[in-house]
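Take a look at the structure set out below.
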Amino acid sequence: MKGLPLQVKSCLDKALDSALLAVETYNKPAVKFKSGGYIVLMCIAWTSLLHGIFLRKKIKPIYKEKNGRYKKVNGEIQYWELKTCVAKYFVDSNNPIRKNLEFFIPLRNKIEHKFLPELDSNIFAECESLLLNFDKIVEAEFGHKYCLRESLSFALQLFPSSETLSMATKANKDYDSIVSFINQYRSSITTDVLNSGEYAFKAFLIQVANHKSKDALPIQFFFF
């Protein structure tokens, strides 16, 4: 990453590695804590990415005391957490990318101490947008050559489990608060944001008998 200041380069390296680890975790067949691991790592990725962007723009993403000195916790300088970074970067409070991130920040705190594999299919659309949006901001701020999509492939998938999220919550009432949060958050945002691909990615995967040509890609995405 020639040309970037050392501190910016370090943040971007960390962001890209965290995002790749998130995808790797989610796509491992044997891993049942998919959403939990993915969300935690993607939140780290986004935080580091936004820190790198601010630092490149000569903005120090650090909290200050009233006297102007940098705030410290346990002797360490306190950098802005993701919630603050998101609010400062996405000034428009109704930005779909911001709304997607604001969905995951409290959800991360709710699920990191719980185990709910059945949650995966329910929030897949938001999870996919979390990654696509990350790559979009990487390209916008640092250029195409740093994008992740060139090194990622479409994951092989099996049909989802027949056990639904509602069935899982009946078996364990500890999950009620998580389901309630998801439903309340989705109902709190505008229809335009809810239907935006930047908030939640939606696609149909349809099996076809024949491709247009032998050179056609087996999987193609069309954006409208």
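The values are calculated or read from the model by the stated rules, or taken from the named source; none is laboratory data. Computed from a predicted model, the values in this text were never measured in an experiment. Glycine gets a Cβ as well: all are built from the backbone with ideal geometry, and neighbour counts include every protein chain shown. Surface areas here come from the heavy atoms of the whole protein model, side chains and all, with no ligands, DNA or RNA. Shrake-Rupley method; radii C 1.70, N 1.55, O 1.52, S 1.80 Å.
Before moving on, here are some points about what is shown:
- Every condition in (1) hydrophobic (A, V, I, L, M, F, W, C); (2) open to solvent by 40 Å² or more (accessible area, probe 1.4 Å); (3) touching a Phe, Trp or Tyr at 6+ places or on another chain (Cβ under 9 Å); (4) over 21 Å from Ala125 (Cα atoms) holds for Ile59 except the one numbered (3).
- Residues in the stretch 172-198 that are touching a helix residue (DSSP H, G or I) at 6+ places or on another chain (Cβ under 8 Å), at pLDDT 90 or above and either among the polar types (S, T, N, Q) or farther than 20 Å from Arg98 by Cβ (or both): Ser196 alone.
- Ala22 being farther than 20 Å from Thr84 by Cβ and either touching a Pro at 6+ places or on another chain (Cβ under 8 Å) or buried (at least 21 other Cβ atoms within 10 Å of the Cβ) (or both): yes
- Residue in the stretch 64-85 that is open to solvent by less than 10 Å² (accessible area, probe 1.4 Å) and hydrophobic (A, V, I, L, M, F, W, C) present: yes
- Counting only helices (runs of 4 or more DSSP H) that sit completely within the stretch 1-119, those holding 1 or more residues that are over 16 Å from the mean Cα position of the chain (by Cα) correspond to 6-27, 34-56, 82-89.
- Of all residues in the stretch 34-68, those satisfying the criterion of being of a type in the set (Lys, Arg) and within 20 Å of Leu16 (Cβ to Cβ) are Arg56, Lys57.
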